[in-house]
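Trainee: Structure provided below as C-alpha cells; questions to follow.
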Amino acid sequence: MTLCSLLEIKLSLVNPEDHAGVMLAERMWTAAGQPATRRELIALLERFIVECGKNGYTYAPIFLRRKREMQRRDWAPRETRHEEPTMQVAADACPECKGIGYVAAADGASGSLCKPCLGRGVKQNGPAAIGRAEQLRARGERGAQ
C-alpha cells in the first residue's frame, strides 16, 4: 500500500510538476512507519505541506484537501471507515427479497411484502417452507380431530 492509495489519490490526475512532492510525501509516510489513523495522517500531511514550503516543492492540492476533510471528519481512509456489515443470506432464502420478507419500492421510500415468498423470507419450495407447511397441516389435522 502507498500513501496515495490510502488517501485515494489518483496519480493520473496529479500534475507532472507535483510528482516530486508526491514522492516526498511517500518517503515521509514510509519513514513515519506508514501511519493509517486519521490523527496521524493529519499530522503527517501538515509536516509534508510545511516541508514542501521550506524546500520549494509544489504539492498536489488533493493533499491539502484530504487533510482538511479529515480535520472536518468529512472523509476517512478506507481502512479506518466503519463499513456496514454484510448480511449472510441463508441457502433457502428467497432470491427476490434475500430472506428479509419485503422488497423496496422503486422510489426507495417505501416497500411491500415479497410476493414470491409471501413475506416469509424463504423459498416456497425450500426446506424451511416445506417444514412450515407440514407444521400448518399438522395443526389443521389436530384441530379437526
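The values are calculated or read from the model by the stated rules, or taken from the named source; none is laboratory data. Treat the numbers as computed from the prediction; the structure is a model and nothing was measured. Here the Cβ is made from the backbone with ideal geometry for all residues, glycine too, and neighbour counts use every protein chain on show.
Trainee: Tell me, which residue of the range 69-92 that is modelled with pLDDT of 75 or more and out of contact with any helix residue (DSSP H, G or I) (no Cβ under 9 Å at 6 or more places or on another chain) is surrounded by the fewest Cβ atoms within 10 Å (Cβ to Cβ)?
Mentor: First, the residues of the range 69-92 that are modelled with pLDDT of 75 or more: 69-78.
Those still in the list that are out of contact with any helix residue (DSSP H, G or I) (no Cβ under 9 Å at 6 or more places or on another chain) too: 69, 72.
Numbers: Glu69: 16, Arg72: 8.
Here the answer is Arg72.
Trainee: Which of the numbered conditions does Ile62 fail, given that it passes all the others? Conditions: (1) without any contact (Cβ under 8 Å) to a residue 40 or more places away in the chain; (2) closer than 21 Å to Glu17 by Cα.
Mentor: Evaluating Ile62 over (1) without any contact (Cβ under 8 Å) to a residue 40 or more places away in the chain; (2) closer than 21 Å to Glu17 by Cα leaves (1) as the failure.
Trainee: Here is a follow-up. On the basis of being within 27 Å of the chain's Cα centre (by Cα) and part of a helix (DSSP H, G or I), does Trp75 make the cut? Steps first, please.
Mentor: Numbers: within 27 Å of the chain's Cα centre (by Cα): yes; part of a helix (DSSP H, G or I): no.
No; evaluated as a whole, the condition is false for this residue.
Trainee: I've got another one for you. Restricting to the range 1-34, what's the tally of residues that are aliphatic (A, V, I, L, M) and over 11 Å from Ile62 (Cβ atoms)? It would help to see each step written out before you state the result.
Mentor: So the first thing to find is which residues in the range 1-34 are aliphatic (A, V, I, L, M), and the list is 1, 3, 6-7, 9, 11, 13-14, 20, 22-25, 28, 31-32.
From the residues that got through so far, the ones that are over 11 Å from Ile62 (Cβ atoms) too are 1, 3, 6, 20, 23-24, 28, 31-32.
So the count comes out to 9.
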